[in-house]
Amino acid sequence: MTYLRPFTAAGVGTAGTVVVFPPSGAGCLRLRSVVPALPPGTGLLGVQLPGREDRLPEPAATSLAEVVTAVAAELRAFAPPGPLAFLGISLGAVIAYEVAGDLADAAPAALVVAAARAPEYWSGYPAADPPAAEVAALLPPEVRDSALAPYALASMRADLRLMAGYRPAAAPLDRTCLRTVSGARDDIATTEQMSGWRQRATDFRGHRVVDAGHHAFMDGDVLAGLVTEAAAQASAERASTERASAERASVDRTATEPAATESAAVGAAATEPAVAERAVRG
């Protein structure tokens, strides 16, 4: 089954299309509730890893490379009508970052990273499973104490295994601007632990702090705000790129016009003696 889940109709996204990469253990189907709160023209896609929600019967992915390659391939085949942006939350931010790098020329205009420790945190992450209590502590309280806990724990363990032996790319993103958002009450991914993201893109657009805990970033109102922010950032980047291209084209035309005028003048001057000579002979 495919990784991408559309939550808006085909063709919607002239104001920007946002691809959301959920945190570890989570699925993307809750994005349905976000759509009514989005500005008109905003497209929304979610990335759904196997082993959860509508992909529950499927075996978990076995490597990060497998996930990145599959998602990048689907995005290359996807043609949004407007600019493209990624929103990565918690571990989903690392996956989004790797997909953006894999896409190269088709990379998103913007990447918004929320509640996510910097990639270097995951360098050399061991394949061993952490204790059950440690993994359970990462779950939202409402899930931890519910019948969904076993499924969420299995998905989270599978996602954490993807990071075994992870090595972030040496070169920063150079086609995607990056902005980070942390929660003032987040004790899982603090502002300090997110600071390394500023080195992961040549165009870092700063950091902001919102009044939220770690798990609140998947709540409807916070999530809608982040999606809107990502779409606006991508739209602004597209407009800036188009203005720069138009300015360069204008400069190029201005530079060639004097040369063309001078060439025409020289040509005209060169023909005048010949015309005069023919007139005398005539």
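Just so it is clear, none of the values below were taken in a lab; they were calculated from the coordinates. Small disclaimer: the values here were computed from a predicted structure and weren't measured. Please note: Cβ atoms are built from the backbone with ideal geometry, for glycine as well, and neighbour counts cover all protein chains shown.
In the stretch 1-41, the C-alpha radius of gyration followed by the widest Cα-Cα span (Dmax) gives 11.1, 31 angstrom. Database remark: amide H of Gly25 closer than 5 angstrom to the amide H of Met156, Asp159 (H placed geometrically; neighbours at sequence offset of 5 or more, or on other chains; Pro and chain starts carry no H). Bridge orientation summary for the stretch 4-242: considering DSSP beta bridges with both residues in this region, about 10 percent are antiparallel. Counting only DSSP beta bridges whose two residues both lie in the stretch 1-112, roughly 20 percent are antiparallel. For Val20, the amide hydrogen comes within under 5 Å of the amide hydrogens of Leu45, Gly46, Val47, Leu87, counting only partners 5 or more places away or on other chains and with H modelled in the peptide plane. Seen against the Cα atoms of the chain and their longest principal axis, helix 64-77 is set at about 40 degrees. Relative to the longest principal axis of the Cα atoms of the chain, the long axis of helix 149-161 makes an angle of roughly 50 degrees.
Rounded to whole numbers, the Karplus 3J(HN,Hα) couplings from phi for the stretch 162-177 are 4, 8, 4, x, 5, 10, x, 4, 5, 8, x, 4, 10, 10, 10, 6 Hz, using 6.51 cos²θ - 1.76 cosθ + 1.60 with θ = phi - 60°, and x at Gly and Pro. Here the sum of -39500 (n - 2.57) over DSSP H runs of 4 or more residues, divided by the residues of the chain, equals -13500 deg cm²/dmol at 222 nm, to the nearest 500.
Relative to the longest principal axis of the Cα atoms of the chain, the long axis of helix 91-103 makes an angle of roughly 30 degrees. One compactness figure for the stretch 141-211 is 1.44, namely its Cα radius of gyration divided by 2.2 N^0.38 Å.
With the gyration tensor restricted to C-alpha atoms of the chain, the semi-axes of the equivalent ellipsoid amount to 51, 19, 18 Å, longest first. Just to confirm my numbers, what's the Cα centroid distance between the stretch 97-134 and the stretch 1-64 in Å? After rounding, the separation between the Cα centres reads 17 Å. With R₀ set to 22 Å, the beta-carbon distance separating Ser123 from Thr62 gives a calculated FRET efficiency near 0.65. Across the stretch 1-148, the fraction of Cα-Cα pairs farther apart than 21 Å, rounded to a whole number, is 46%. Taking label points 7 Å from Cα along the Cα-to-Cβ direction, Leu4 and Ala239 give a separation of 2.5 nm.
Each semi-axis of the equivalent ellipsoid for the stretch 59-124 is √(5λ) with λ an eigenvalue of the Cα gyration tensor; in descending order they amount to 20, 16, 10 Å.
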